[in-house]
Amino acid sequence: MSVMVSPVLYSFRRCPYAMRARLALAISGTRYELREVRLADKPAAMLSASPKGTVPVLQLASGAVIDESLDIMRRVLEVSDPENWLARDDRALIAINDGAFKQDLDRYKYPDRHDCDPLVHRQRGLDFLREIDARLAATGQLCGPDRGFADAAIMPFIRQFAATDREWFGAQPLPHLKTWLAWHLASDLFQTIMVRVPPWSP
């Protein structure tokens, strides 16, 4: 019988939910085993830990399972938070990101799946980005001059929105958001969590 000696994270490199979990794990200095999964062929071990079958899934050394990305972030940062990310949280803003903005993002990126007009949802998403841009104009990061929890929780979704049509996004007057996004994407932290690894197999 094998004994788990460190937490295990089931992840998918490009998933924004998994990205923000990996960002928090990395900044906290948490040692863990990364298991990259194929979403079309999810491993039985992940489904046993979390039957809902979505990433990320963090299985602690105790055997306890956390399968919501924000809960993973808060759990690891409560143990170790060297940059004081938890002091720069904004639950209301994150709720808009995870709710209305994510819905518009999905329908903008995958209109055929949702049988909708992607331009309607692109415009709604742009309205959210304008709010973010105005906020960043005053503070640089979402909750002050330093990166924190809110930035890590929201940035991966804005990255995905921006990448859907790079030419269109590049033409939008969002100078502060573009600077913020480019800074995060170029950071050592982001580069570290985006290293490609082969899919895990037991």
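Every read-out reported here was derived from the displayed coordinates using simple, explicitly stated rules and does not represent laboratory data. Remember, predicted model here, so these are calculated numbers, not experimental data. Cβ coordinates were reconstructed from backbone atoms using ideal geometry, including for glycine residues, and neighbour counts include every protein chain displayed.
How many nm separate the modelled label positions at residue 106 and residue 123, each set 7 Å beyond the Cα in the direction of the Cβ?
Using points 7 Å along Cα→Cβ, the separation is 2.2 nm.
When Rg is the radius of gyration of the Cα atoms in segment 86-187 and Rh is its Kirkwood radius, what does Rg/Rh come to?
Ratio value, two decimals: 0.96.
Can you compute the label reach from residue 36? Point 7 Å from Cα along the Cβ direction, backbone N cut-off under 18 Å, restricted to segment 151-194.
The answer is 189-194, whose backbone nitrogens lie closer than 18 Å to the label point.
Pairs on different chains or at least eight residues apart, Cα atoms closer than 21 Å: how many lysine pairs in the chain fit?
Eligible lysine pairs with Cα atoms under 21 Å apart amount to 4.
How do 78, 167, 83 rank when sorted from fewest to most other Cβ atoms within 10 Å of their own Cβ?
Least crowded to most crowded, the residues run 167, 78, 83.
Could you give me the ³J(HN,Hα) list for segment 146-161, computed from phi with Karplus coefficients 6.51, -1.76, 1.60 and θ = phi - 60°, whole Hz, x at Gly and Pro?
10, 5, x, 4, 4, 4, 5, 6, 9, 3, x, 6, 5, 4, 5, 4
If I stretch the segment between residue 83 and residue 116 completely, what's the gain in nm (0.36 nm per residue apart, minus their alpha carbon distance), one decimal? Could the numbers behind the result be given before it?
Numbers: separation 33, 0.36 × 33 = 11.88 nm, distance 4.15 nm.
Computed gain between residue 83 and residue 116 is 7.7 nm.
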